[in-house]
1. Working carefully through the options 52, 13, find the one that is under 10 Å from residue 87 (Cβ atoms) and out of contact with any helix residue (DSSP H, G or I) (no Cβ under 8 Å at 6 or more places or on another chain).
2. Restricting attention to region 36-53, which residues are closer than 16 Å to residue 6 by Cα and surrounded by fewer than 18 Cβ atoms within 10 Å (Cβ to Cβ)?
3. Taking region 26-51 as the region of interest, how many residues are of a type in the set (Val, Ile, Thr) and either part of a loop (DSSP other than H, G, I, E, B) or touching an Asp or Glu at 6+ places or on another chain (Cβ under 7 Å) (or both)?
4. Out of the residues in region 75-91 that are touching a residue at least 60 places away in the same chain (Cβ under 8 Å) and among the aliphatic types (A, V, I, L, M), state the one that is surrounded by the most Cβ atoms within 10 Å (Cβ to Cβ).
5. Can you tell me which residue within region 1-20, out of those that are without any contact (Cβ under 8 Å) to a residue 60 or more places away in the chain and not in a helix (DSSP H, G or I), is surrounded by the fewest Cβ atoms within 10 Å (Cβ to Cβ)?
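None of the figures in this text is laboratory data; all of them are computed from the coordinates on show. What you see is a predicted model, and the numbers here were worked out from it, not measured in a lab. Using ideal geometry, Cβ is built from the backbone for each residue, glycine included, and neighbour counts are taken over all protein chains shown.
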Amino acid sequence: MEISELYNEIITALEGKKAKDLRVINIQDLTTVATYFVICSGTSTTHIKTLADEVEFRLREKGVSPLRVEGYNHGRWILIDYGDIVVHIFHEEDREFYNLERLWQDGKAIPVNNAE
């Protein structure tokens with residue numbers, strides 16, 4: 001699956017389940033870890049797990065499985081690694097505390113509907 005298709009599926013899944021404050025950062029010039037970080041918040045552990053489940057479900061339907069998933073059992077910060085795109089789904093308080101947007105501020109903020 002092309003990175004633009006992967007991106008679109010992830011964004012559609014998160015928007016469909018009402019992710020809060022959805023942001024995308026292009027980090028390709030800063031690291032080899034990934035091309036994009038997709039960052040959003042959920043309102044509760046149930047909401048956060050629902051967001052993660054929807055992303056995984058939609059991509060598995062397309063034949064794409066994550067390389068790894070971390071934090072699902074606690075449900076406060078779930079990381080889903082798809083190689084080129086790493087999805088971070090936070091509880092609002094944890095997102096404010098870790099502030100990935102500040103840590104990766106040298107990356108390029110991308111409008112949610114235009115990754116490429």
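1. 52
2. Selection gives 53 alone.
3. 7
4. 89
5. Filtering first and then ranking leaves 2.
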